[in-house]
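Read through the structure below, which is laid out as structure tokens, and then see the notes.
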Amino acid sequence: MIASVTVINGLVGFQRPRLLPVDGHVVAHIGQQVMPETVLAEAIIAPHVEVLDARVVFSGVNRANMKEMIERNVGEKVEKGDVIIATGGKLNRVLRATTAGIIRSISTSQVLLEAARKPFQLRAGYTGTVQEIIPERGVMLRMQGSLVQGVWGNGHLMTGKLISATIDARKPLQPEDLRGECVDAIVLAGRCRDADTLQRAAMLPVRGLILGTISSHLIPMVRSLKFPVMVVNGFSPAGMDESAYRLLRSNQGRRVSLLAQAWDRELGIRPEVFIPLPAEDIRLVQELIDYREGLTVRINTLPYMAQVGAISFVHPDKVTLPNGLMARAADVTLKNGQSILVPLNNLDVLE
């Protein structure tokens, strides 16, 4: 059985696709060194078309003369206020462009004007190197540094200085923990359990939150926040596992990239925080792996939520669990020496 590896590593190499949501124009080139704010590609996401009523201009006009009154052509660019149709004469009536754009059609009843819009710009999000161009869609980036992956994010991306607001991986973040040093910073904390804390974070404002766990009733509120929120372990009172917390806290003061994107298993992307570090010839992390003895794993279900151990035996067939269900499972030895049986679906393989 293949496992998706959760990376919590102080120095790894990895690749990520950065793709436009629709076809567009790639402006990056192979070998280019990029920063998080570097524009990789551009596209018009959703063109806006305005319908202009031409009947006001043509009302009462001899239709045989209509073609001579049209001053623009289909496909022509116009600026706001440019004349598109004019009747001429003493009672000259005109139809003007209501916005800058491109004329898509002209008839005796209406003009379709596609409004000029600034293209959506796809930014790198990471500090890295362009490895491959994906025509009309984006690029493949390669990065190296510290990487901590999570299980949930609210969809936003941001870079900023990392600040730890708590000294305990399991301590709940309180409004009073968000002090002046957290302003315009990406804040690390063990867990969040109340809306007042999130409101305080928004008021400061912070640039992002990295949390071990969060109460599930806060998810609708977190989705509405304008800054990224990444959850490392899930939706319980357990807080953050020590390995992830120590790694992140040791990088306080560094500029990090927080990509609280949704977990898409098909595209191979998930929420993660990245700290770029200089290094040479770093191996690419293996993000898919077979379950086997010796793998370091983190448990993602109660009562052992966020505890880390090692697989001592992978059962070749389904086994009967204490709740009576049958599932693929492994024996896991925790750091305190205790051995427990855990379904494979409840394990995160750590790199």
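No lab work stands behind these numbers, since they all come straight from the coordinates. The model shown is predicted, which means the values in this text are computed figures rather than measured ones. Methodologically, a virtual Cβ is constructed for each residue, glycine included, from the backbone with ideal geometry; neighbour enumeration extends over all protein chains shown.
Below, the figures for the structure above:
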quantity: 21 Å Cα-Cα reach of Lys67 towards lysines, excluding residues that sit fewer than 8 places from it in its own chain; calculated: Lys77, Lys90
quantity: The range 15-21 - phi-based ³J(HN,Hα) in whole Hz, Karplus 6.51/-1.76/1.60, Gly and Pro as x; calculated: 10, 9, x, 10, 10, 5, x
quantity: Packing-based order for 163-172, 332-341, using average beta carbon neighbours within 10 Å, highest first; calculated: 163-172, 332-341
quantity: Packing-based exposure ordering (other Cβ within 10 Å, fewest first) of Val5, Val22; calculated: Val22, Val5
quantity: Taking the chain and dividing mean pair separation by its residue count, relative contact order in percent (alpha carbons under 8 Å, at least six apart); calculated: 19 percent
quantity: ³J(HN,Hα), Karplus 6.51/-1.76/1.60, whole Hz, each residue of the range 93-100, x for Gly, Pro; calculated: 10, 10, 10, 10, 5, 7, 7, 5
quantity: In the range 1-90, the GluC sites (Glu not before Pro) that fall in loop regions by DSSP, at most 11 other Cβ within 10 Å; calculated: Glu37, Glu79
quantity: Neighbour-limited loop hits for trypsin sites (Lys or Arg not before Pro), the range 253-286 (at most 16 other Cβ within 10 Å; DSSP other than H, G, I, E, B); calculated: Arg254, Arg265, Arg283
quantity: Candidates Ser312, Ser224, Ser109: whichever shows maximal mean-square fluctuation once the chain is modelled as a Gaussian network with Cα springs under 10 Å; calculated: Ser109
quantity: Ile2 paired with Lys118, simple spin-label distance in nm, labels 7 Å along Cα-to-beta-carbon; calculated: 4.1 nm
quantity: Other-chain or far-sequence residues with amide H under 5 Å of Thr99's (modelled H); calculated: Gly81
quantity: Segment Ala327-Asp194, length gained on full extension (0.36 nm per residue, minus Cα span); calculated: 44.4 nm
quantity: Range of Cα positions in the range 291-350 per principal axis (Å), largest first; calculated: 26, 23, 18
quantity: The chain: most fluctuating residue of Leu95, Leu204, Leu162 per GNM, C-alpha cutoff 10 Å; calculated: Leu95
quantity: Nearby aspartates and glutamates by direct alpha-carbon distance to Lys118 (threshold 14 angstrom, same-chain neighbours under 8 apart not counted); calculated: Glu42
quantity: Whole-number percent relative contact order across the range 49-115, with pairs defined as alpha carbons under 8 Å at least 6 apart; calculated: 40 percent
quantity: Gain on full stretching of the segment that runs from Arg265 to Val51 - 0.36 nm per residue minus C-alpha separation; calculated: 72.9 nm
quantity: Residue-count net charge about Ser215 - beta-carbon cut-off 10 Å; Lys, Arg +1, Asp, Glu -1; calculated: +1
quantity: Tensor-based shape of the range 142-239 (alpha-carbon gyration tensor, a/c under 1.5 rounded, otherwise prolate or oblate); calculated: rounded
quantity: Dmax and Rg, reported as Rg then Dmax, of the chain (C-alpha, Å); calculated: 27.7, 97
quantity: DSSP-loop trypsin sites (Lys or Arg not before Pro) across the range 1-110, with at most 13 other Cβ within 10 angstrom; calculated: Lys80, Lys90
quantity: MRE, 222 nm, helices only [DSSP H, n ≥ 4, -39500 (n - 2.57), over the chain, to nearest 500]; calculated: -2000 deg cm²/dmol
